[in-house]
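Here, each number is a calculation from the coordinates, and none is a lab measurement. Because the structure is a prediction, the values reported are computed rather than measured. A quick note on method: Cβ atoms are made from the backbone with ideal geometry, for glycine too, and the neighbour counts reach across all protein chains shown.
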Amino acid sequence: MQRFLCLVDRINERIGHAMAWVALAMVLVQFLVVVMRYVFAIGNIALQESIWYMHGIIFMVGAGYTLLHDGHVRVDVIYGDARPRYKALVDIFGAVVFLLPVSVATLWLSWDYVINSWKVWEGSTEVSGLPLIWAYKTVIWVFAVLMFLQGLSMLIKAVTFAAGRETNYPVPPCIDGRPERDPEHLREEV
């Protein structure tokens, strides 16, 4: 079980780092588009579309990384100051009732949408746009799978803690083949 948890955490950690590079590329392409347009009066639809693609990819593919590091927005009125056992129970409930079913539903409901795009090799409606809408729509599946896997990892860690087999909660990510025992996001501020 630990191998599975480490594998999922490692995959989302590496993807998160890759998304940082995609964000940098997006900023550089945006800068290039602005310079081309306002300095040289040259428009480029493919470059503009690539910015939209990168923006969507960062959020969709990076969602598992954000979940790994407990970075998604939540209402901390009760959860924030709660005891670790309560947090684990809330996370178990959230994963079982919301996260995992929504991930499966996203994959299932987008199936025909993505398959139909692949069948026709869907491209941009713009003449000089990118011919890769079929690939971009596939990111929906990547999002659903990564969120499902990281949600399953989170659920297993929460159940392990609630059962008394783990002493820290949230259970630290397992990135380098072993769990981190003192991650920065768990340190108390003095």
When the expected Rg is taken as 2.2 N^0.38 Å, what fraction or multiple of it is the alpha-carbon Rg of segment 2-177? 1.25
Roughly what angle does helix 100-119 make with the longest principal axis of the chain, taking Cα atoms, 0 to 90 degrees, to the nearest 10? 20 degrees
Expected output is a single nm value to one decimal: the length gained when fully extending between HIS69 and ARG14, i.e. 0.36 nm times separation in residues minus the C-alpha distance. What is it? 18.5 nm
Cβ density ranking, 10 Å radius, fewest first, applied to ASP70, ASP81, ASP91 yields ASP81, ASP70, ASP91
Nearest 20 debye, what's the magnitude of the dipole of the chain about its Cα centre given +1 on Lys and Arg Cβ and -1 on Asp and Glu Cβ? 360 debye
Could you work out how much longer the chain between ARG3 and ALA163 gets when fully extended? Use 0.36 nm per residue separation minus the Cα distance between them, nm to one decimal. 55.7 nm
Could you derive backbone 3J(HN,Hα) for segment 141-147 from the dihedral phi with the Karplus parameters 6.51, -1.76 and 1.60 (θ = phi - 60°), listing whole Hz in sequence and x where the residue is Gly or Pro? 5, 4, 4, 4, 5, 5, 5
Between VAL77 and TRP108, what FRET efficiency comes out of the Förster formula 1/(1 + (r/R0)^6) with R0 = 35 Å and r the beta carbon distance, rounded to 0.05? 0.60
